[in-house]
Structure formats: C-alpha cells, structure tokens
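Engineer: Dropping a structure here in structure tokens format, bear with me for questions.
The values are calculated or read from the model by the stated rules, or taken from the named source; none is laboratory data. Everything quoted here is computed from the prediction, not taken from an experiment. So basically every Cβ, Gly included, is an ideal-geometry build from the backbone, and we count neighbours across all protein chains shown.
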C-alpha cells in the first residue's frame, strides 16, 4: 500500500497504518551494499537523519531553518556516522544531491559535503498532486541516467514520502536504499543500508 498525495495532513494513525502495510524488504549484508556501490550505475537514496516530529509547522519557510523541523543532536551524530561508513570503505559518491529542506541539506553536509540542492527531492507541498507528479517524473529520469553510469554512484538525501512514491517502500530515518532504474523504467531496490 502506498500513500497517495493528500491535500490535508494525514493523521499519525494513518501514517502508522500505512507503514505497517508497506512491503518489508530483507536486510542485505554490508558487503552487498559495498559491491553495488563500487560497481556503480546506482543511486543511494537516503531518508534524512533523525529530526523530531512528523511535519513542519504550518507556516514554515524553506529559506528559514528556524521555521522547519531540524536534525536533533542524535540526528546530527547519525549523519556523521553515515559519512564515516562511506569513508571507512573508501566509497566516494560522484554527486551528492539534497532536498531543499534544512534537515536534508544538513544530513548531506554532515555525511559528505555541501550538496547540490535539488527541488525534485523536496517534500511535496502546495499543489501536492502536480508537484508529486512533476517531481517523480524528474526523479525517474535522473535515476535512469545514473543507472547507465557504471563505476560511479550518486547520493540523494530526501524524505520518507518521496522515497515511498519513488521506490514503493517505507524507510526509517537515516536509512538508505540502493536504487536502480530498470529498462522498463521501473525503480528497483537492490539493497538497504541502515546507519544506527
């Protein structure tokens, strides 16, 4: 079950029920994730690190981090551990892209380096259905291109709802999905990485 775009905020009960209905994917060994990243032609798409709460305040602004949900100290530590995992394995992404939300930018910057901010990775707001459709089209196109680049991988940092729409699976804070576009255009989850 996937969450369809809504014009109102879903309740916590709706979110929990949706999460329970999501497909459960098996865990992969650390070596499998490393091998996939070294082979390239994939995107490691992370949900941002731990940020308390569920939604941004009603009057949040993208240009003012003080109006948004932000990483907790635990989330900042988690983001650094994400970067450490890659550094210890000498894995260097070709590009790091982030949603324009501060919690995603901070996750990417603490883990890797200042990211390229990309609106398509942003959490849908405003005209939700239109935004979601346009962003998904852009994300699928970029994933298709990244999937053809062997020997390198990209890192994307985004939100739970974006990953649900793109990969049809649920993610925890700080969890990454190794994604690849199939010839049919379908998005395939090759592996998962959870940084505790």
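Engineer: Does residue 121 meet the test of being modelled with pLDDT of 95 or more and within 17 Å of the chain's Cα centre (by Cα)? Outline the logic, then answer.
Structural biologist: Numbers: modelled with pLDDT of 95 or more: yes; within 17 Å of the chain's Cα centre (by Cα): yes.
For residue 121, the condition - modelled with pLDDT of 95 or more and within 17 Å of the chain's Cα centre (by Cα) - is met.
Engineer: Further question: What helices (runs of 4 or more DSSP H) completely inside segment 1-114 contain at least 2 residues that are crowded, with 16+ Cβ neighbours inside 10 Å and modelled with pLDDT of 60 or more?
Structural biologist: Numbers: elements: 12-21, 30-39, 73-88, 102-111.
Result: 30-39, 73-88, 102-111.
Engineer: Please work out which residue is farthest from residue 192 (Cα to Cα), limiting yourself to segment 38-64 and to residues that are without any contact (Cβ under 8 Å) to a residue 40 or more places away in the chain and touching a helix residue (DSSP H, G or I) at 6+ places or on another chain (Cβ under 7 Å).
Structural biologist: 59
Engineer: In addition: Scan segment 84-106 for residues that are out of contact with any strand residue (DSSP E or B) (no Cβ under 7 Å at 6 or more places or on another chain) and within 23 Å of residue 120 (Cα to Cα) and jot them down.
Structural biologist: Taking segment 84-106 and keeping what is out of contact with any strand residue (DSSP E or B) (no Cβ under 7 Å at 6 or more places or on another chain), we get 84-92, 101-103, 106.
Once the filter is applied, which keeps residues that are out of contact with any strand residue (DSSP E or B) (no Cβ under 7 Å at 6 or more places or on another chain) and within 23 Å of residue 120 (Cα to Cα), segment 84-106 yields 92, 101, 102, 103, 106.
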